[in-house]
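First up is the structure itself, then whatever we jot down about it.
The values are calculated or read from the model by the stated rules, or taken from the named source; none is laboratory data. Please read all numbers here as calculations on a predicted model, not as lab measurements. Glycine gets a Cβ as well: all are built from the backbone with ideal geometry, and neighbour counts include every protein chain shown.
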Amino acid sequence: MSNPQIFFNEVNERQGEFGRRAFVFGGLLGLGVVALGGRLAQLQVIENSRYTKLSDNNQFDFRLQPPPRGLIVDRNGVVLASNRPDFRLLFMRDEHMKPKDVEEIVDRLAKLVDLDDAHKRRVIADIKNAPRRAPVAVVEDMSWEEFSRINVRAPELPGVTADMGEVRVYPFGGAFAHVIGYVAKVSGNDVPKVGPIDPILLNPGFRIGKQGVEKSFDPVLRGKAGARKVEVDVKGRVVREDPAGDIASVPGSTIQLTLDADIQNRALEVFGEESGAAVMMDCRTGDILCLMSAPSFDANRFVKGLTGPEYQALAQYDRKPLFNKALTATFPAGSTFKTMVALTALEMGVSPDKTHTCGGAFPFGGHVFHCDKSHGTLNMHQAIVTSCDIFFYQTALEVGPDKIAETARKFGINQTFPEIHIPQNKGTLPDTAWKERVFHERWWPGETPSFGIGQGALAVNPLQLCVMCSRIANGKKQLMPRLVKSIGGKDLPRGDEVPDIPVDPEHLAFVRKAMADVVTSGTAQLTAKLGLGPIMMAGKTGTAQAHTYKGARGTVHMEWAMRDHAWFIAFAPVDEPRYAMSVLVEHGGWGASAAAPRAAEIMKVALLKDPEIRARIVTPLPNPEPVGANPDGPPVEGAAPEAPTPIPGQPQQPTAPPPLPPAQQIEPQ
Amino acid sequence: MTVSALTRPGERDRLIVKLANIDWTFTLLLTVIAGIGGVMLYSIAGGSWLPWAAPHLIRFGGCVLLMILLAMVDLRVWFALAYPVYAIGIVLLAAVDVVGHSALGAQRWLDLGPVRIQPSEIIKIGLVLALARFYHSLSGRDARLSWWLLIPAGLIALPMALVAKQPDLGTALLIGATGGVMMILAGLSLRLVAVGLAGLVAVVPAAFMFVLKGYQKARLLTFLDPEADKSGSGYHIMQSKIALGSGGLLGKGFGLGTQSQLNFLPEKQTDFIFSSLAEEFGFVGSVAVLLLYMGVIFMALRIASVSHSHFGRMAASGVTATFALCLMINGAMVMGLAPVVGVPMPLLSWGGTVMITVMVGFGLVQSVRVHRYSEVTSGRGAIL
């Protein structure tokens, strides 16, 4: 490189070369810009619709709006399950949030709301497992103070929002826990393995029906989720609402049950700490008025989520509070089944005047069958009233097991009723075909006497016995039980829109008369009186063996789990039956002493709530005050008598029933 | 007041004549682009002059004055300062490596009390000046193919290596490409250019394997398949394409670009300002802005070609090359045609340092125009 000599030729040469190359360079840049323009045309003009959609996906978010869950009300509109507001803290993880950030935010939240370490760990796990942009409920049931505190701080807590949801509430807690069931958090089993998943299931804090009516009618109660269209920024925060784009939710339908809250509540009350079930039907329509299982539990606890120890306590308690005994506890029917045996004999043409003689013992087939006492010679009416076993041993042998089973089937034994919509245990109704099928063995004649008094392999649930009793009481229809009155205001078919029962009404009247005398002069004469003047109850006691006896029979003096199960079936009023029921007291001892008084108490509520019945009660009640004093007045809300007559087995009641004379306390097997 | 090659030298040196010889159309074009930048910055701030729009416009106003001031500077002064500026740039780059201020995992800033200097910006101007001065003194034949060319190659490679080490891959490539373009414009043998390009193709995979840092590799891989990682590195490209594509023919309207307004678009005020613009003003608006840029480039290249001095030609074309490459790289990046490298859109993007560099460069270009008839020599006639 020398000292530059600037000659024109040199200048021209370099300038010319530069000019040409600069021209080409400019041309190339021009091509580059054309290429960029082409790319813009491709993105903005040709693929515009695709990117517009993606942009909308960014900009708009549809926030699921869970509809209010349908109410569950009783026959009079008393709310059995409703919803209450619930302040919740939600957390939504966006695309950029790392696990470390999540933990940091949860730590900061713990300073604002009550979060212990275990809860914190669970929340962090929940958030990490949830799909991105799916909100997770961190805290529910916050206080108003916590709710407002979070709302104020939300801008500095990315992904955190406080909102108001709804949570299920059961105002009566225990009384309806079995029949209504409860809702609880969605678990894996609740999500269908195939087919579309209702997006509402993924909503934070959404609860699905797990038991009872809540489960059976979950789709109806759930409704259809709507969506709120919102404009969000990159952090998922709502910038603007767009009400025009909202999708309305469809609220869940109200389900009206045929139950009566007053009767049901009273039923739970009279059971005290006893275990058992009470079922009542309107024996004109088939409506279930009471379907109660005791002891019970507070369904609201399940909505919140039980802790391990709480659940253990419920599951391990030997009176089995989680079990719906009204539908699934099956025991021998005991002497209540004698109504079926009597009807079989009558239907087969056996004269009601035919007598058998009871000497206290009946030898048959190498066995000696006992009666609790020597009843002497009695006809069928007397045998039902005194519940003589030996009479029915012989009657059963006369008619045979198959005929008895055939009759029992007509009355609903060994059946499940789909109109209840809750799973039932259908029990066992033995006959020769059953024996052959199950044991591959023929029916031994020695099994028939036990069957004749409702023991042996026979197993029935309280609902079946109630249906049986209501069909006897109705006297005409093969009544079907109905639990759900209407769904969303639309009535369901009634239980009396059914064919007649193929049994002679005269024979049913005969059994009703005998059952009436059970209460006036028979096994339940001191324990099943209503005290409602002319309104009388009819019934039949029953005691089911809880185990095979060795030595003494299972009475109240024995250990609870060894005692017999007490049954009582009843209907009232005697002269024009309206209400039929069955009561089971598990390990209650005698049907007459444990079950019959409870049945009378529950029945009284139903009768006193019925204005026509109350009009008939002209004589004042033995209790000084309440309803009877004003018979023509309107039905009192919660018509349970204000001073209920004493309930046996409840030591806190100051006036225990008078001790029964030994002769009356005896109840045939 | 027009000037020509025949105007007396004393006449040309009068300030009023010099001012009249500034290319005011060119200045207007720059102002329009910067103004559009201001409008966009106003929009994406949610209709607010702060924090970006007002400072951007004020800064541009200052830069226009700076440009006019620099246009008055005699080309021989630029010539004399070429190597010193380059040397200062190199020294500062080296210093940044030792005591630099770290930002986003890269050491790019030099903190000098109240002033923060980004030496990579100084070297952009320094390199253009140094190469222009070198080629000014080199014969056309030597510029085509000679051992002398190792000197410009070294002048380019040294800052490139220092900037790449920061690491700032985008700027390093920009410096390299600018230098390369200047060498070609100076008359480099086209055969050598072809060989060089072939060599580059061979070297790139190796460089990818051994030279690049993890995040740089990720960016490149993401560019090749942006859909693969929507929430990570691919997010930038994807969101930018959504912004562009959803703009459509006429755009969503001023202030209504949801991608930028709702922050889905990352770096919306700097690297991705063009995406915001294309979203709100659509294909028509973005192509119009590209045409404005093209106008700037063509006018600057014209200024370069009419210069009587080789130094002027080379300097003006070097500045133009830097500007044009910035535009191309940023444009290709926001449209998903190039990997995400931190190269802003000149004049449109928020950012003071880059704007000063660009406008100092255009001050040089204006100076080349004002002094287009001046002869520049390194010996006699040099004023410094």
- Item | Flag if B:Val365 is assigned to a helix (DSSP H, G or I), of a type in the set (A, V, I, L, M), crowded, with 24+ Cβ neighbours inside 10 Å and touching a residue at least 60 places away in the same chain (Cβ under 8 Å) | yes
- Residue satisfying condition, being over 25 Å from A:Met281 (Cα atoms), free of Cβ contacts under 8 Å to residues at least 40 places away in the same chain and of a type in the set (A, V, I, L, M, F, W, C), within set A:Ala361, A:Ala396, A:Ala405: A:Ala361
- Give the residues of the range B:283-310 that are under 27 Å from B:Tyr373 (Cβ atoms) and within 10 Å of another protein chain (Cβ to nearest Cβ), sorted by residue number. B:Ile297, B:Phe298, B:Ala300, B:Leu301, B:Arg302, B:Ala304, B:Ser305, B:Val306, B:Ser307, B:His308, B:Ser309, B:His310
- Message: Can you pull out every residue in the range A:523-541 that is part of a loop (DSSP other than H, G, I, E, B) and of a type in the set (D, E, K, R)?
- Response: A:Lys529
- Note on the structure: Exactly one of A:Arg228, A:Arg284, A:Arg266 is basic (Lys, Arg) and in a strand (DSSP E or B), and that one is A:Arg228
- Task: Could you check A:Val230 against (1) in contact with a Phe, Trp or Tyr (Cβ under 6 Å, 6 or more places away or on another chain); (2) of a type in the set (Val, Ile, Thr); (3) within 14 Å of chain B (Cβ to nearest Cβ) and say which number it fails?
- Result: (1)
- Filter the range A:235-267 for residues that are within 15 Å of the chain's Cα centre (by Cα) and aliphatic (A, V, I, L, M); the one that is farthest from A:Cys469 (Cα to Cα) is A:Ile255
- Note on the structure: Over the range A:91-115, the set of residues away from chain B (no Cβ under 14 Å), in a loop (DSSP other than H, G, I, E, B) and either more than 37 Å from the chain's Cα centre (by Cα) or under 11 Å from A:Gly159 (Cα atoms) (or both) is A:Met92
- Message: Within the range B:325-339, take every residue that is in contact with a Phe, Trp or Tyr (Cβ under 8 Å, 6 or more places away or on another chain) and facing chain A (nearest Cβ under 9 Å) and give me the one that is farthest from B:Tyr293 (Cα to Cα).
- Response: B:Gly336
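How many of the residues making up the range A:508-522 are outside any helix (DSSP H, G or I) and among the polar types (S, T, N, Q)? So that I can check it myself, show each step before the final result.
Kept after step one, since they are outside any helix (DSSP H, G or I), are these residues of the range A:508-522: A:521-522.
Now restrict to residues that are among the polar types (S, T, N, Q): A:521.
Result for the range A:508-522: 1.
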- Query: When A:Phe147 is evaluated against the numbered criteria (1) part of a helix (DSSP H, G or I); (2) closer than 16 Å to A:Met92 by Cα; (3) touching a residue at least 40 places away in the same chain (Cβ under 8 Å), which criterion, by number, is the only one it fails?
  - Reply: (2)
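Could you please let me know if B:Ser367 is more than 10 Å from chain A (Cβ to nearest Cβ) and more than 26 Å from A:Gly37 (Cβ to Cβ)?
Here the answer is yes, as B:Ser367 does meet what is asked.
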- Yes or no: B:Leu66 crowded, with 19+ Cβ neighbours inside 10 Å, within 24 Å of the chain's Cα centre (by Cα) and in contact (Cβ under 8 Å) with a residue 60 or more places away in the chain? no
- Residue in the range A:330-350 that is on the phi < 0 side of the Ramachandran plot, more than 30 Å from the chain's Cα centre (by Cα) and part of a loop (DSSP other than H, G, I, E, B) present: yes
- Which one is modelled with the lowest pLDDT, of the residues in the range A:275-316 that are surrounded by fewer than 24 Cβ atoms within 10 Å (Cβ to Cβ) and β-branched (Val, Ile, Thr)? A:Thr307
- Task: Identify all residues within the range B:249-259 that are modelled with pLDDT of 90 or more and within 7 Å of chain A (Cβ to nearest Cβ); write none if there are none.
- Result: B:Leu249
- Message: So, in the range A:348-388, how many residues would count as being in contact with a strand residue (DSSP E or B) (Cβ under 8 Å, 6 or more places away or on another chain) and either of a type in the set (Asp, Glu) or crowded, with 19+ Cβ neighbours inside 10 Å (or both)?
- Response: 11
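Can you work out which of the residues in the range A:271-312 that are among the β-branched types (Val, Ile, Thr) and in contact with a Gly (Cβ under 9 Å, 6 or more places away or on another chain) is farthest from A:Val585 (Cα to Cα)?
A:Thr285
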- Screening B:Phe79, B:Phe60 for residues that are closer than 22 Å to B:Leu292 by Cβ, part of a helix (DSSP H, G or I) and within 21 Å of the chain's Cα centre (by Cα) leaves only B:Phe60
- Message: Scan the range A:41-49 and tell me whether some residue there is touching a His at 6+ places or on another chain (Cβ under 6 Å) and at the interface with chain B (Cβ under 8 Å from one of its Cβ atoms).
- Response: no
- When you scan the range A:423-507 for helices (runs of 4 or more DSSP H) that lie fully inside it, which ones turn up with 2 or more residues that are among the hydrophobic types (A, V, I, L, M, F, W, C)? A:432-439, A:462-474
- Unmet criterion (only one of (1) modelled with pLDDT of 80 or more; (2) assigned to a loop (DSSP other than H, G, I, E, B)) for A:His547: (1)
- Query: Residue check: is B:Ala164 closer than 28 Å to B:Phe362 by Cβ and surrounded by 22 or more Cβ atoms within 10 Å (Cβ to Cβ)?
  - Reply: no
- Output for the range A:116-171, where each listed residue is among the β-branched types (Val, Ile, Thr), within 33 Å of the chain's Cα centre (by Cα) and crowded, with 17+ Cβ neighbours inside 10 Å: A:Val123, A:Ile127, A:Val136, A:Val138, A:Val139, A:Val167
- Item | the range A:211-234: number of residues that are crowded, with 17+ Cβ neighbours inside 10 Å and under 40 Å from the mean Cα position of the chain (by Cα) | 16
- Note on the structure: With the first residue restricted to the range A:50-76 and required to be away from every other protein chain (no Cβ under 14 Å), and the second required to be in a helix (DSSP H, G or I) and modelled with pLDDT of 90 or more, Cβ contacts under 6 Å at 6 or more apart or on different chains are A:Arg69/A:Leu221; A:Gly70/A:Leu221; A:Ile72/A:Ile180; A:Asp74/A:Ala261
- Query: Out of (1) touching a residue at least 24 places away in the same chain (Cβ under 8 Å); (2) more than 8 Å from chain A (Cβ to nearest Cβ), the odd one out for B:Ala278 is which?
  - Reply: (2)
- Reported set for the range A:187-210 where residues are crowded, with 19+ Cβ neighbours inside 10 Å and either of a type in the set (Asp, Glu) or without any contact (Cβ under 8 Å) to a residue 40 or more places away in the chain (or both) is A:Ile208, A:Gly209
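Within the range B:265-281, how many residues are surrounded by 24 or more Cβ atoms within 10 Å (Cβ to Cβ) and either of a type outside the set (Ser, Thr, Tyr) or over 10 Å from B:Ser240 (Cα atoms) (or both)?
11
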